[in-house]
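Report on the following structure.
The values are calculated or read from the model by the stated rules, or taken from the named source; none is laboratory data. No experiment lies behind these values; they were computed from the predicted model shown. Quick reminder, even Gly has a Cβ in these numbers, built from the backbone with ideal geometry, and neighbours come from all protein chains shown. Calculation scope for accessible area: heavy atoms of the full protein, side chains included, ligands and nucleic acids excluded. Shrake-Rupley method; radii C 1.70, N 1.55, O 1.52, S 1.80 Å.
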Amino acid sequence: MDFQLTQEQIEIKELALKFARNEMIPVAQEYDEKGIFPKELFKKAWELGLINTCIPAEYGGAGFTSLDSVIISEALAYGCMGINTSFMANDLALLPIVLGGNDEQKKKFLTPFTTDFKIASFCLTEPGNGSDAAGIKTTIKEDGDHWVINGEKMWITNAGHADLFVVYGTIDLSLKHKGISAVVVEAGTEGIELGKKEDKMGHRSSDTRGIRFNNVRVPKENMLGKPGDGWTIAMNTLDHSRPLVASSALGGAQRALDLSIQYSKERTQFGVPIAKHQAIQFMIAEMGMKVEAARLLVHKAAWLCDQGQKNTEIASYAKAFASDSCMQITTDAVQIYGGYGYSKEYPVEKLMRDAKLIQIYEGTSQIQRLVMARELLK
Ligand SMILES: Cc1cc2nc3c(=O)[nH]c(=O)nc-3n(C[C@H](O)[C@H](O)[C@H](O)COP(=O)(O)OP(=O)(O)OC[C@H]3O[C@@H](n4cnc5c(N)ncnc54)[C@H](O)[C@@H]3O)c2cc1C
């Protein structure tokens, strides 16, 4: 066993952290407050090779491993969990093509993301079906040499800016998860109707919307795998993307810990820096312990992907533990800042709002526990 990062991983982590410190942190507060979509930053990060980390080298990608991807994502989330949500959504949307697409589809849909800056969306959730994803109602019907999509999606990250959508629907509602299929829809296809941008508690710079697909026609060759393969593709995607989402929580938690250490040494009460009070020390110790444990889980969940081993159970441990820890750590960071922590002039209230979402999307903390229990008891 070796817990050391390779020289290459150390360099890519430093590059991503430098980008987080110099480009993201200075604008994160303003982008959040005004809900500014970080398109310029997105493009800069893409130019540096920090975006679309899942694209294999044979299709023009950097050939990063899953472990490389979580190291990059943690560093970018250190800059801003909200901006990183926009970045990560590209991987979430491209992973089904990487994992479920054929060679032709990978060349057609992945390679353009390496030669030009492009944005993608993953469309699974619907207004009536979130956790119960197998119950989605969007239909995909055969019509000659096309598929016709009808239905409504909800909470779709990047939707207002996407060049490509990976859309899940069913070929037959009565088949439940066995009917679910995934198709690639290019932006500009007739019948795509974008909803309003959601006004969110946190991650306010990310673009989140509902989308309607009204008789949207796509060529037959845009289906990933066969009709009915969509559920397996979606579950494989989540096994790969949950470590990534967990790494975003980890980046936010690390930032909250660093800020807490810094502030507790500067702020004086009762004639000493508050870091001298044991109650503060214990909160900081707890934060450090959780950050370290979350990192070990995140790295193991990604490493299992790289070994080609099933990681469903560990990926759920990583996602739930990192996001629940991030919520606790950012809440404690506000506590350590006292009244100033409650003010928007200081960075920790935003961290607390941003942490909340990571317990919700890509499977809530409750759903992760259902997955863990299912894996443990089977
Ligand atoms: C900002 C944002 C961005 C998002 N981006 C995307 C995206 O890009 N693409 C996409 O497809 N989706 C996206 N989502 C959707 C997200 O994945 C869902 O919101 C999430 O899966 C929860 O679904 P829901 O909101 O319908 O909640 P529900 O499923 O209605 O859950 C409500 C509550 O019930 C609990 N619950 C539900 N079922 C059970 C059960 N069996 N046992 C115990 N508790 C249960 C949940 O844990 C939760 O606490 C996004 C969501 C948000 C808020």
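Would you mind estimating how fast the stretch 155-208 diffuses translationally, via Stokes-Einstein at 20 °C and 1.002 mPa s with the Kirkwood radius over Cα pairs, in µm²/s?
So the translational diffusion coefficient is about 164 µm²/s.
If the elastic network links every pair of Cα atoms under 10 Å, which of Ile149, Ile136, Ile261 fluctuates the most in the Gaussian network model of the chain?
Largest GNM mean-square fluctuation: Ile261.
What does the convex hull of the Cα atoms of the stretch 221-378 come to per residue, in Å³, rounded to a whole number?
129
Treating only the Cβ atoms of Lys and Arg (+1) and Asp and Glu (-1) as charged, compute the dipole magnitude of the chain about its Cα centre; round to the nearest 20 debye.
Charge dipole of the chain: 740 debye, to the nearest 20.
Going by average Cβ neighbours within 10 Å, how do the peptides 77-87, 180-190, 354-364, 243-253 rank, with the highest at the top?
Order by mean packing, descending: 243-253, 77-87, 354-364, 180-190.
Considering only protein heavy atoms and a probe of 1.4 Å, how much of the accessible area of the chain is carbon and sulfur, as a whole percent?
53
Arg212: accessible area at probe 1.4 Å, nearest 10 Å²?
Its accessible surface works out to 100 Å², give or take rounding.
Size of the dipole of the stretch 55-164 about the Cα centre, Lys and Arg at +1 and Asp and Glu at -1 on the beta carbon, nothing else charged, in debye to 20?
Once rounded to the nearest 20, the dipole reads 140 debye.
Gain in length, Leu48 to Gln262, computed as 0.36 nm per residue apart minus the alpha-carbon separation, to one decimal in nm?
That pair, Leu48 and Gln262, stretches by 74.1 nm at full extension.
Hey, rough spin-label estimate for Glu8 and Asp172, points 7 angstrom out along Cα→Cβ, what's it come to in nanometres?
4.6
What 222 nm value per residue comes from the helices of the chain, counting each DSSP H run with n ≥ 4 as -39,500 (n - 2.57) and dividing by all residues, nearest 500 deg cm²/dmol?
-16500 deg cm²/dmol
What residues of the stretch 216-244 lie in the reach of a label at Lys378, counting those whose backbone N is under 13 Å from a point 7 Å from the Cα along Cα→Cβ?
Within reach of a label on Lys378: 232, 235-236, 239.
In whole angstrom, and with the biggest value first, how far do the Cα coordinates of the stretch 290-378 range along each principal axis?
So the extents along the principal axes, rounded to whole Å, are 48, 23, 17.
When the convex hull of the C-alpha atoms of the stretch 88-140 is computed, what volume per residue in Å³ does it have?
Convex hull of Cα atoms, per residue: 108 Å³.
For the chain, what are the per-bin percents of Cα-Cα distances with bins 10 Å wide, up to the bin holding the maximum?
The percentages, shortest bin first, are 5, 24, 33, 24, 9, 3, 1, 0.
Quick one: length gained pulling Leu296 to Ser131 fully straight, 0.36 nm per residue minus the C-alpha distance?
That works out to 56.7 nm of additional length.
Would you list Asp199, Asp32, Asp324, Asp163 from the most to the least accessible area, probe 1.4 Å?
Listed by decreasing accessible area, they come as Asp199, Asp163, Asp324, Asp32.
Compute the accessible area per residue over the stretch 134-279, keeping the other protein chains in place, probe 1.4 Å, unit Å².
For the stretch 134-279, the solvent-accessible area averages 43 Å² per residue.
Top mean-square fluctuation among Gly144, Gly225, Gly169, Gaussian network model of the chain, C-alpha springs under 10 Å?
It is Gly144.
Between Glu221 and Gln366, 0.36 nm times their residue separation minus their Cα-Cα distance comes to what?
Stretched out fully, the Glu221 to Gln366 stretch lengthens by 48.5 nm.
Using the C-alpha atoms of the stretch 24-133, what convex hull volume per residue, in cubic angstrom, is computed?
Roughly 122 Å³ of hull volume per residue.
What is the distance in Å between the Cα centroid of the stretch 280-313 and that of the stretch 164-200?
33
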